[in-house]
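Worksheet for the structure shown next.
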Amino acid sequence: MLTQCPHCQKAIIVPEPGIHTCSRCQARIWINDPASGKEDRVLISPEALQAAGQGPSQQTESGESSRPSPLDDPFFEGEAHSRIAPWEQRKQIGWVPAFRRTWRLSTFLPSRFFHHLKTDVPAKGVVVYGWLILTLAYIAWALYRLLFMPYLVKAGGADPVLLEEQMTNLAYSVLVGAPLISMLSIVLNAVLFHAVLRLLDSARGGFGGTFRVVVYATSPMLFMLVPIFGDFVAFVWNMVASITGLARVHEIGKGRAMLVVFLPPLAFYLVLLLYAKLTGSAPAMLP
């Protein structure tokens, strides 16, 4: 992103808004999002850095420049529900910086992220963010099961031949259908969550708010790329992010938000168990 140092007034390039060190004068500066309309400012002048006995680039012992905390992100400036997510400004700040900032904020600071998130604007391209993450996550899920199939079959304790055939077919189905499954997951969850919110008379943030929560709460699902423990971490983190997001966006309690998240899958499994009891058949394995 091309901008101007507020200290030396020279043109500089920064990867994204936030705290930076000017490459010309070495001042510590704050660069705002261009869409915010706010002026950039000098945090620490080069003279002040020298007087404090600090190096101009504030390098670490390893020689790498220190990175600002996510708490310093300009996204957190302003009132509640007033900021547009970086992903929704990707045309202005670039796709990679927008994805990186959105993932970092929604994953590690979900409460603050959803508290400031603006939801009453058109959701153009918002679904692409969650679709990309879930597609990668499902592909990783399928590949790891194909790769570790012998160990999974051994741990299953059932007929190894039948179990391997079932798991292989499931893995290949998810691998091929990952893009479609990802899109359906986002849309179905958004519809179900919002239906429960309407039932509880708690949909204060509108469907746009629910949809954004579902999309941006998929950020932790990227941990599914990590073998063995990635699935569990991603699932739990996703649930926490969804509950936090719904509570913040719709201004409801955590207990009610938990009900919104857990009621649809619980209802599904109850129907499945009822069907199994009536027909005398066991429920099929679910991913």
Checklist entry - Restricting the search to segment 6-41, which residues are over 31 Å from the mean Cα position of the chain (by Cα) and either surrounded by 15 or more Cβ atoms within 10 Å (Cβ to Cβ) or not small (G, A, S) (or both)? => result P6, H7, C8, Q9, K10, R24, C25, Q26, A27
Checklist entry - Just to be sure, is T218 of a type in the set (S, T, Y), in contact with a His (Cβ under 7 Å, 6 or more places away or on another chain) and buried (at least 23 other Cβ atoms within 10 Å of the Cβ)? => result no
Checklist entry - Among V233, V240, which is the only one that is part of a helix (DSSP H, G or I), within 24 Å of M183 (Cβ to Cβ) and open to solvent by less than 70 Å² (accessible area, probe 1.4 Å)? => result V233
Checklist entry - open to solvent by less than 30 Å² (accessible area, probe 1.4 Å) and in contact (Cβ under 8 Å) with a residue 60 or more places away in the chain: does that describe L105? => result no
Next on the checklist: So, in segment 76-114, how many residues would count as being farther than 18 Å from W131 by Cβ, among the small types (G, A, S) and modelled with pLDDT of 90 or more?
Outcome noted: 2
Next on the checklist: With the requirement that a residue be open to solvent by 20 Å² or more (accessible area, probe 1.4 Å), farther than 20 Å from D40 by Cβ and either touching a strand residue (DSSP E or B) at 6+ places or on another chain (Cβ under 7 Å) or in contact (Cβ under 8 Å) with a residue 12 or more places away in the chain (or both), what does segment 93-102 give you?
Outcome noted: F99, R100
Checklist entry - Taking segment 187-213 only, how many residues are in a helix (DSSP H, G or I) and within 19 Å of A80 (Cα to Cα)? => result 8
Checklist entry - Checking F207 against (1) buried (at least 23 other Cβ atoms within 10 Å of the Cβ); (2) at pLDDT 95 or above, which single condition isn't satisfied? => result (1)
Checklist entry - So which residues in segment 79-92 are open to solvent by 10 Å² or more (accessible area, probe 1.4 Å), closer than 17 Å to K38 by Cα and touching a residue at least 40 places away in the same chain (Cβ under 8 Å), if there are any at all? => result I84, Q89, Q92
Item to check | Failed item in (1) of a type in the set (V, I, T); (2) open to solvent by less than 20 Å² (accessible area, probe 1.4 Å); (3) under 15 Å from the mean Cα position of the chain (by Cα); (4) closer than 24 Å to L146 by Cβ, with V213 passing the rest | outcome: (4)
Checklist entry - Has segment 46-67 got any residue that is closer than 29 Å to C5 by Cα and at pLDDT 75 or above? => result yes
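The values are calculated or read from the model by the stated rules, or taken from the named source; none is laboratory data. Quick caveat, the model's predicted, so the values are computed rather than measured. Every residue, glycine among them, receives a Cβ derived from its backbone with ideal geometry; neighbour counts consider all protein chains shown. Accessible surface areas use protein heavy atoms only, side chains included; no ligands, DNA or RNA. Shrake-Rupley method; radii C 1.70, N 1.55, O 1.52, S 1.80 Å.
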